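All remarks here apply to the structure that follows.
Each reported figure results from applying straightforward, stated rules to the coordinates on display, with no laboratory input. As the structure is a computational prediction, the values presented were derived from the model and not from experiment. All Cβ positions, even for glycine, are placed from backbone atoms using ideal geometry, and neighbour counts span all protein chains on display.
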Amino acid sequence: MYVVLLTFTAPMEEVDYALPDHAKWLEKHFQAGEFLAAGRCNPREGGVILTRPMSRAKLEAILCLDPFALQHLATYEIVEFAATRTAPELSALNEAVLA
């Protein structure tokens, strides 16, 4: 699974203008079961996306189509990790149990 850290690289006015399209893009990937959580950082300098396990190539292809990426409004840091300990409500994501 991955944690994706978005950092805004453009003025907030530009980010806000693209936000509705970004929200639609997020919803598409939540509906596809690829994203688990997403939200703004505080302070509002970017955001975070938590994904299900997938290939890094697939994730990079998904991120390339984010309106923030298409409009050069954010950069992305991808952190891959294997969940080996989870809260009970997240046990389905515990890769140590799945192994």
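Worth a mention:
To keep it simple, each residue is scored yes or no on (1) free of Cβ contacts under 8 Å to residues at least 24 places away in the same chain; (2) of a type outside the set (Lys, Arg); (3) out of contact with any strand residue (DSSP E or B) (no Cβ under 8 Å at 6 or more places or on another chain).
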| position | (1), (2), (3) |
| --- | --- |
| Ala37 | yes, yes, no |
| Arg40 | yes, no, no |
| Glu45 | no, yes, no |
| Arg52 | no, no, no |
| Ala57 | yes, yes, yes |
| Asp66 | no, yes, no |
| Ala69 | yes, yes, no |
| His72 | no, yes, yes |
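- In the stretch 5-14, residue surrounded by the most Cβ atoms within 10 Å (Cβ to Cβ) [restricted to those that are of a type outside the set (D, E, K, R) and in contact (Cβ under 8 Å) with a residue 40 or more places away in the chain]: Leu6
- Neighbours by Cβ (under 6 Å, 6+ apart or cross-chain): first from the stretch 77-92, touching a residue at least 60 places away in the same chain (Cβ under 8 Å); second among the charged types (D, E, K, R) and part of a helix (DSSP H, G or I): Ala82/Glu95; Ala83/Glu95
Table: residues versus (1) surrounded by 15 or more Cβ atoms within 10 Å (Cβ to Cβ); (2) over 23 Å from Gln31 (Cβ atoms); (3) in contact with a Cys (Cβ under 6 Å, 6 or more places away or on another chain); (4) hydroxyl-bearing (Ser, Thr, Tyr).
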{"position": "Thr51", "(1), (2), (3), (4)": "yes, no, no, yes"}
{"position": "Leu59", "(1), (2), (3), (4)": "yes, no, no, no"}
{"position": "Ile62", "(1), (2), (3), (4)": "yes, no, no, no"}
{"position": "Gln71", "(1), (2), (3), (4)": "yes, no, no, no"}
{"position": "Glu77", "(1), (2), (3), (4)": "no, yes, no, no"}
{"position": "Leu93", "(1), (2), (3), (4)": "yes, no, no, no"}
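- Residue match in the stretch 59-77 (condition: under 20 Å from Leu93 (Cα atoms), of a type in the set (Phe, Trp, Tyr) and within 12 Å of the chain's Cα centre (by Cα)): no
- Complete set of residues in the stretch 15-32 that are surrounded by 10 or more Cβ atoms within 10 Å (Cβ to Cβ) and within 25 Å of Ser91 (Cβ to Cβ): Leu26, His29, Phe30, Ala32
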